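First up is the structure itself, then whatever we jot down about it.
The numbers here are math on the coordinates, done by the rules we state, and not lab data. Since the structure is predicted, the reported quantities are computational estimates derived from the model, not experimental observations. Using ideal geometry, Cβ is built from the backbone for each residue, glycine included, and neighbour counts are taken over all protein chains shown.
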Amino acid sequence: MTKDVLDMTCDVAIVGGGPAGLGAAVALKQAGVANVTVLDRESEPGGVPRHCGHPPFGIVEFKRICSGPVYARRLVQKAREEGVKILSRTTVLALHPGGELSIASPQGQGTVTASKVVLATGVRETPRAARLVSGGRMHGICTTGALQSMVYLKNLIPFRKPVIIGSEIVSFSALLTCRRAGIKPVAMLEENASPSVVWPVKYAAALLGVRLQCECQLLSIYGNERVEGVQIRDRFGVVRDLECDGVLFTGAFTPEASLVRMSHLQSNKTSGSPVIDETGHCSDSAYLAAGNLLSPANVAMKCWADGRRIARSICSEIAA
Amino acid sequence: MIAQADVVVIGGGVVGCAVARKMALEGAKVILLEKGADILEGASKGNSAILHTGFDAPVDTLEQECVALGYAKYHAIHKDMHLPVKKTGAILAAWSEEEEAKFTGILEKANLNGVKDLRMLSRKEVLNIEPALGNSLVSALLVPGESIIDPWSSPLAYLKQAVENGGQAIFNAQVTGGEFANGEWVLQTSQGKVGARYVVNCAGLYGDIVDAAVFGEADFTIKPRKGQFVVFDKSAGSLLTTIILPVPTERTKGIVLFPTIFGNVVVGPTAEEQESRNKAFVDRDVLQSLIKQAEYKLPGLSGMPVTSTFAGIRPATEKSPYRIRKRAECNWLTLGGIRSTGLTAALGLAEKSFEWLLEFGASFKAVQAPIIPVMPNLAEHLPRDYTKPGYDEIVCHCEMVTDREIKEAMSGSVPAGNLGGLKRRTRVTMGRCQGFYCSARLAELTKGKLEDSLEVGVAHD
Ligand SMILES: Cc1cc2nc3c(=O)[nH]c(=O)nc-3n(C[C@H](O)[C@H](O)[C@H](O)COP(=O)(O)OP(=O)(O)OC[C@H]3O[C@@H](n4cnc5c(N)ncnc54)[C@H](O)[C@@H]3O)c2cc1C
Ligand SMILES: Cc1cc2nc3c(=O)[nH]c(=O)nc-3n(C[C@H](O)[C@H](O)[C@H](O)COP(=O)(O)OP(=O)(O)OC[C@H]3O[C@@H](n4cnc5c(N)ncnc54)[C@H](O)[C@@H]3O)c2cc1C
């Protein structure tokens, strides 16, 4: 019988193969670190850009503009060329003191022991439940990330005429995704007096003929099997129903920090991000963190650069 | 006639599933008729998942008897079916001296109910067991037997056992009426006519409507009573190991703080009367007040992310007792108003129902060496599917659900009928990201295979 244990050691283990993790991995290899291993739980590494089907990505990294999926493939290809070992479908289950990781993959479970571990698990959006939104739980309620994955990775749509909640930069991506998929949002609701980012959202909303309603509160979601409408309070204080077949929650980024929360590492109580010092080290110096796990939500380029910064921090420590 | 049975069970809630199992094991040809596309679409969809000892049940009632019997039966069968149970115990905590004064009465009642292992705990003893509890606590009663279970795998296991031992479940089959003639029932359903010698109405939130459709009237009226819950992130799991019960008031059992078998901490339920039998909506203000209460009792919860919010609806009636009606003259049994203890009492009610059918004159030959279904484990403290190699991918990362589990849940003797059923069988999308990472893959995996779908069509330019 095969032993279903995958134990391995490496110089640096990187948890998460998005821009930050891959940026760090490439820089480490370029600086001469021998064994750099990236662990990513998805079937395809590359992180969030895999499902951002629109430009602009890659301006600094590759000196040309490309879409998210192309950018993600480039990052992965580059890392492989530099000799980074990338293990996909490999989930890090737990972080242990001193740089020991419990992992699971279809081949079995095991332990990765590394001199240094870079945590680069990224961010996601706050879903409906955690926003404590009133109403029922029916089909047609999702986040931009889920919508983008559906549209760009599977060519499917979860609704045809949703309301969009939020007006952050990612809400702009949401509008573009809708446009690309033939989805016609009925309105875009923002609680504050003006959109979180003004020009792209206004521009995209206008382009799509979507009405941006500020100072407008989502009160509850109703329907049976699927969403049939939402109740809102508009800026005049009028409560009314808005017919729609979906609710798209955008932004309100939250770090994908469950590994950190459940570990021995010190973390920020509300966000869950690891507490780090100016060199990027966590409370256990075997661990460092990079990318949007730390600062929701920067663009890919910044996360990539942050990965490189962390790599330099590791190299100078090794050299010292 | 589309089918013919010895016993028809109306309703695939936890009660119907347990009754179907019992009748099938006793050798009856059983058909369960469920109006939904899957089981557990009514009251049994959302509850606290506590297996009660019945220490606080109304003394000398059928409810107390069924809870005690159900509790014992569950412990007798859970191992063989691989159904998890965690004997966490419950701490009935007094947060004021007035509350503490009620302990004597509670102890007496527990004794009368045959639950004799309750113990008083000093404040210090409580904090030894649960160091994270708020320190304004005065003292407590420990109820060692209270346990937590998987509220969805259990009824599914019951129905699977019924089906694997000769029974049948028909979905999308709403019972709309029936005629009894010459000792035989002919039930009208949305799928066609179904014949039976005996009928057990386990329609839960619609129990009165089913009785009324057949007999012109029901002798009870369902008064739906909603309970809302907030589920905290699994990282809160380390804060709590026991069930924290409040001291009950005249009106309600109160808000409970409890760990789930899946590793979360939950606060709830509320008790709110409403008209609708199926709208289990949550309300922001109520959720916020639940969170506040939870934080007061367990201060470590402040700042803890919320994973999910949900509501369940109790099939309460205008009176508190279970509403059992035995119509011996026409072999019809109604198990109505199984209000707030049905998850525990179901196996007990099933035993009693069989006795009542015998009183009606039924006689069957029990199945020898019945088939025992083995359930996949969803409990956090036991090995999950992903620990066994050979799956292809983890689809849901928050709850660590493999593609293999999803495929298995869509096949077998009682396959998932809809997405809700698939979630309850696997926990897919029930974790902290609520589908951010996996819903696209899930939409793809389930496309065209279930009654409903995550997607409404294809994307186009
Ligand atoms: C919906 C959405 C849309 C966005 N759109 C844009 C955009 O258009 N342009 C832009 O520049 N930025 C966008 N962003 C910001 C995005 O976060 C960054 O571009 C960038 O992807 C962050 O890089 P990262 O490496 O920090 O994290 P990610 O790209 O999120 O990568 C994290 C990786 O970690 C892996 N991982 C997580 N946990 C584990 C674990 N336990 N074990 C193993 N692997 C794990 C994940 O599978 C993932 O591959 C968007 C973000 C979101 C959420
Ligand atoms: C908030 C809350 C917390 C609870 N906590 C606990 C707990 O911790 N422990 C415990 O033991 N109990 C608990 N309970 C109680 C328990 O959940 C209920 O007692 C139990 O679910 C009732 O099950 P049932 O089978 O009678 O009804 P239901 O679950 O409502 O089942 C009835 C079924 O019949 C079907 N049906 C209806 N009409 C028809 C028709 N005409 N034809 C065909 N099918 C039909 C429905 O679709 C449904 O599936 C709780 C309940 C709630 C709401």
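Please compute, over every Cα-Cα pair in segment B:385-446, the percentage with a separation greater than 21 angstrom.
It works out to 13 percent of all Cα pairs.
Where the centre of each part is set by its Cα atoms, how far does segment A:73-108 sit from segment A:29-49, in angstrom?
For segment A:73-108 versus segment A:29-49, the Cα centre distance is 6 Å.
Let a ≥ b ≥ c be the square roots of the eigenvalues of the Cα gyration tensor of chain B; is it rounded (a/c under 1.5), or, if not, prolate (a/b larger than b/c) or oblate?
oblate
Can you tell me the order of B:107-117, A:224-234 when each peptide is scored by its average per-residue count of other Cβ atoms within 10 angstrom, highest first?
Per-residue Cβ counts within 10 Å, averaged per peptide and sorted highest first, yield A:224-234, B:107-117.
Report, by chain and number, residues whose modeled amide H sits under 5 Å from the one on B:Leu240, excluding near sequence neighbours (fewer than 5 apart, same chain).
none
Among the lysines, which fall within straight-line cross-link reach of A:Lys269, defined as a Cα-Cα distance under 20 Å, with same-chain neighbours fewer than 8 residues apart omitted?
The reachable lysines, counting only those whose Cα sits under 20 Å from A:Lys269, are B:Lys234, B:Lys292, B:Lys297.
Check B:Ile222: other-chain or 5+ apart residues with amide H under 5 Å from its amide H, H built from backbone geometry?
B:Asp208
Would you kindly calculate the mean projected area, averaged across all directions, of the convex hull enclosing the Cα atoms of segment A:68-133, in square nanometres?
It is 7.1 nm².
In whole angstrom, how far apart do the alpha carbon centroids of segment B:387-461 and segment A:242-267 sit?
So the two Cα centres are separated by 20 Å.
Using square roots of five times the C-alpha gyration tensor eigenvalues, list the equivalent-ellipsoid semi-axes of segment A:106-233 in whole Å, biggest first.
30, 19, 17
Quick check: net charge around B:Val231, other residues with Cβ under 15 Å of its Cβ, Lys/Arg +1 and Asp/Glu -1?
So the environment of B:Val231 carries a net charge of +4.
Which entries of B:Lys73/B:Lys423; B:Lys29/B:Lys160; A:Lys154/B:Lys447; B:Lys29/B:Lys193; B:Lys160/B:Lys193 have Cα-Cα distances beyond 18 Å here?
Violating the 18 Å Cα-Cα cut-off are B:Lys73/B:Lys423; B:Lys160/B:Lys193.
Just want to confirm a number: the relative contact order over chain B, from Cα pairs under 8 angstrom separated by 6+ residues, in percent.
Relative contact order comes out at 22 percent.
How far is the Cα center of segment B:86-120 from the Cα center of segment B:255-291, in Å?
23
Take segment A:12-134, drop everything but the C-alpha atoms, weight them equally and run the Debye formula without solvent; then report log10 I(q)/I(0) at 0.18, 0.20, 0.22 Å⁻¹ to two decimals.
Normalising to I(0) and taking log10 leaves -0.94, -1.09, -1.22.
Applying the Karplus parametrisation 6.51 cos²θ - 1.76 cosθ + 1.60 with θ = phi - 60° to the phi angles of segment B:203-212, what ³J(HN,Hα) value in whole Hz is obtained for each residue in order, glycine and proline being reported as x?
Once θ is set to phi - 60°, the couplings for segment B:203-212 become 7, x, 5, 10, x, 5, 5, 5, 4, 5 Hz.
Sorted by packing (mean other beta-carbon atoms within 10 Å per residue), highest first, where do A:270-278, B:74-82, A:174-182 land?
Averaged packing, sorted descending, gives the order A:174-182, A:270-278, B:74-82.
Near B:Asp117, within a Cβ-to-Cβ distance under 12 Å, what is the net charge of the other residues, with Lys and Arg +1 and Asp and Glu -1?
It works out to a net charge of +2.
If I fit a long axis through the Cα atoms of helix A:199-208 and take the longest principal axis of the Cα atoms of chain A, what angle between them do I get, 0 to 90°, rounded to 10?
60
Mind checking which lysines have their C-alpha under 17 Å from B:Lys109, skipping anything on the same chain fewer than 8 residues away?
B:Lys253
Taking only DSSP H segments of four or more residues, each worth -39500 (n - 2.57), what value at 222 nm results for the protein assembly as shown once the sum is divided by all its residues, to the nearest 500 deg cm²/dmol?
Per the formula, -8000 deg cm²/dmol.
Other chains' Cβ within 10 Å of A:151-162 residues: what's the mean?
5
What's the local net charge at A:Phe253, with K and R +1, D and E -1, over the other residues with C-beta under 11 Å away?
-2
Mean projection of the alpha-carbon convex hull of the protein assembly as shown over all orientations, in nm²?
Approximately 35.4 nm², given one-decimal rounding.
What distance in nm separates the simple spin-label points at A:Ala206 and A:Ser285, each placed 7 Å from Cα in the Cβ direction?
Rounded to a tenth, the inter-label distance reads 5.5 nm.
Mind checking which aspartates and glutamates have their Cα closer than 16 Å to the Cα of B:Lys45? Skip sequence neighbours fewer than 8 apart in that chain.
Answer for B:Lys45, where 16 Å is the Cα cut-off: A:Glu225, B:Glu34, B:Asp150, listed by chain and number.
Can you give the charge dipole size of the protein assembly as shown about its Cα centre, rounded to the nearest 20 debye, using +1 on the beta carbon of Lys and Arg and -1 on the beta carbon of Asp and Glu?
With Lys and Arg at +1 and Asp and Glu at -1, about 1540 debye.
Over chain A, one equal point on each Cα, no solvent: what is log10 I(q)/I(0) by the Debye formula at q = 0.06, 0.12 Å⁻¹?
For the requested q values the scattering log ratios are -0.23, -0.84.
Average partner chain C-beta neighbours within 10 Å, per residue of A:120-132?
Across the residues of A:120-132, the mean count of other-chain Cβ atoms within 10 Å is 5.
Please compute the Cα-Cα pair-distance distribution of segment B:282-433 with 5 Å bins starting at 0, giving whole percents from short to long.
Binned Cα distances yield the sequence 2, 7, 10, 11, 13, 14, 15, 12, 8, 5, 3, 0.
Given H placed 1.01 Å from N in the peptide plane, which residues other than close sequence neighbours of B:Gln4 have an amide H under 5 Å from its amide H?
B:Gly195
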